[in-house]
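The values are calculated or read from the model by the stated rules, or taken from the named source; none is laboratory data. Just so we're clear, the structure is a prediction, and the values are computed from it rather than from any experiment. Heads up, the Cβs are rebuilt from the backbone with ideal geometry, glycines too, and the neighbour counts pull from every protein chain shown.
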Amino acid sequence: MTEIQEEEINLREYLNVLLKRKGIIILIFLIAVITAALVSYFALSPVYQSSMVFSVALIDNRPPTTIIAQAENNVPVIKINEALEVINSNFILDEIIKRSDLNISSDQLRTRIEVENLKGTNFIKVSAEADSPEKAKELAENIVKIFIEKNQNRYTKK
């Protein structure tokens with residue numbers, strides 16, 4: 001049978017090695033911190049996000065209690081998925097690019113916006129990213145405003 005040799009770990013030896021090499025350890029730490037600071041300051045730019053939540057509902061001349069009753073009984077007032085698709089369509093995105101004076105394509109804009117349905121509601125959340133808070137806010141407002149303008153007739157019962 002082979003004998004298993006046990007080596008004794010001496011923490012003092014490890015501490016002596018660390019103390020002996022403390023200059024190198026501190027130098028590596030400082031290089032890492034300085035590199036991270038320089039990359040953060042010069043290479044990265046802040047990204048601001050603005051979000052808006054709005055409700056999409058069918059509007060007609062019925063009293064509001066009828067519309068509320070329909071929503072409470074899980075009768076779909078409108079198709080939320082359809083509204084999400086319309087917001088992400090090139091038709092809407094091209095109009096947003098035009099009004100916001102952006103020099104990007106609709107595919108590039110699509111990567112800067114996020115449109116989602118708040119679960120179990122008829123609310124839609126639109127989030128937009130830009131390099132300044134004002135641009136992000138304007139972009140989110142334009143998305144909602146253009147969607148409402150272009151689709152108002154579809155959601156108004158006459």
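Select from region 115-134 the residues that are buried (at least 17 other Cβ atoms within 10 Å of the Cβ) and either among the small types (Gly, Ala, Ser) or in a helix (DSSP H, G or I) (or both) and write down the one among them that is modelled with the lowest pLDDT.
Within region 115-134, the match that is modelled with the lowest pLDDT is 130.
For residues in region 135-158 being exposed (fewer than 13 other Cβ atoms within 10 Å of the Cβ) and polar (S, T, N, Q), which is modelled with the highest pLDDT?
Only one residue tops the list, namely 152.
Could you pull out the residue among 27, 11, 38, 15 that is exposed (fewer than 10 other Cβ atoms within 10 Å of the Cβ) and without any contact (Cβ under 8 Å) to a residue 60 or more places away in the chain?
Of the residues listed, the single one that is exposed (fewer than 10 other Cβ atoms within 10 Å of the Cβ) and without any contact (Cβ under 8 Å) to a residue 60 or more places away in the chain is 11.
Scan 95, 141 and give me the residue that is over 16 Å from residue 54 (Cβ atoms), of a type outside the set (Gly, Ala, Ser) and touching a residue at least 40 places away in the same chain (Cβ under 8 Å).
Only one candidate passes the filter, namely 95.
In region 41-54, which residue that is small (Gly, Ala, Ser) and touching a residue at least 12 places away in the same chain (Cβ under 8 Å) is surrounded by the most Cβ atoms within 10 Å (Cβ to Cβ)?
That would be 50.
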